[in-house]
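Shown next, in structure tokens, is the structure this report addresses.
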Amino acid sequence: MTDRRDARPPSAAPDVEPARTIPRATLEGDTVEAGRALLGARLVRDPVAGLERRVGRIVEVEAYVGVEDRASHARMGPTARNRVMFGPAGVAYVYLVYGMHHCLNVVTEHEGRPAALLIRALEPVAGIPAMRAAREAAAPSRRRAAGPVSHHRPVAEERLAAGPGLVAAAFGIDRTFTGLDLCDPASPLRLECRSDDEPEPVVVATPRIGIAFAGEPWVSRPWRLVAAGSPSLSGPRAR
DNA sequence: GCAAAGATTTGCT
DNA sequence: GCAAATCTTTGCC
């Protein structure tokens, strides 16, 4: 059987143009503005270890902006943990929170100005079985110890990445991903633009979650951005 | 060197 | 609705 693609000269364009990654310039300006642009975009992870390609639509982000932001990891200045926040935009910053959950951030703004967007929730688009498998592998030992006969319903598809720790678990992301360029089309984990035929999401801004320690005015800043009506927002009641 | 708290999730009361 | 799980990073002695 013949494959027509073999007949095409090497210089010809492919049948399906590869999705474009988010332009770095989109992330180099104001972080909240970049967050609005990121809603509707896709997080893509290439196949790995027998798991198929995973794609999620970004529906919730939070902005952390500057050393003056008392909720930000950058508040104490550059340290071993947060130093990539002070670097160029488009780079991944992954940290461990509460000793068990990883959180994925995208660095924003210009070098020397520490800022980032926390990816808080995704709508699964492709690779759902891989997301389930990765979440199972990342589950705390207590739950795994319950054994294969534990009686809890499987997680609903739209809830597989409905929280910052769940995004990292479903995509198999840990701190070794820190420093990865998410704007590089060759990167195994990257950000791809929303397709043009897809409607731009309606954006709602709310205060950020879990930062009461920061105090005012930071706890009230409307720097959590969500795609209105998404079934995949973080929190038990899709807050 | 040690103590405390954290950009969360889950299961039980 | 609340507390446990779990460990790195930071602040203070």
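Tabulated results
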item	result
Residues of segment A:66-117 satisfying the condition of being among the charged types (D, E, K, R), more than 10 Å from DNA strand C (Cβ to nearest atom) and under 26 Å from A:E192 (Cα atoms)	A:E109, A:E111, A:R113
Only one of A:G172, A:G210 that is under 21 Å from A:P129 (Cβ atoms), out of contact with any Asp or Glu (no Cβ under 8 Å at 6 or more places or on another chain) and modelled with pLDDT of 95 or more	A:G172
Of the criteria (1) modelled with pLDDT of 95 or more; (2) farther than 25 Å from A:S230 by Cβ, which one A:G147 fails	(1)
Residue count for segment A:175-198, restricted to those that are surrounded by fewer than 16 Cβ atoms within 10 Å (Cβ to Cβ) and modelled with pLDDT of 95 or more	7
Which listed residue, of A:M85, A:M131, is buried (at least 24 other Cβ atoms within 10 Å of the Cβ), in a helix (DSSP H, G or I) and without any contact (Cβ under 8 Å) to a residue 60 or more places away in the chain	A:M85
Residue list for segment A:199-239, restricted to those being within 15 Å of DNA strand B (Cβ to nearest atom), among the β-branched types (V, I, T), surrounded by fewer than 19 Cβ atoms within 10 Å (Cβ to Cβ) and in a loop (DSSP other than H, G, I, E, B)	A:I209, A:V219
Residues satisfying the stated conditions in segment A:10-54, i.e. among the aliphatic types (A, V, I, L, M) and modelled with pLDDT under 95	A:A12, A:A13, A:V16, A:A19, A:A49
Failed criterion for A:D197 (all others in (1) more than 16 Å from the chain's Cα centre (by Cα); (2) within 14 Å of A:R57 (Cα to Cα); (3) not polar (S, T, N, Q) hold)	(2)
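The values are calculated or read from the model by the stated rules, or taken from the named source; none is laboratory data. It should be emphasised that the depicted structure is a prediction, and the values quoted were computed from it without experimental measurement. Cβ atoms come from the backbone with ideal geometry, glycine included; neighbour counts cover every protein chain shown.
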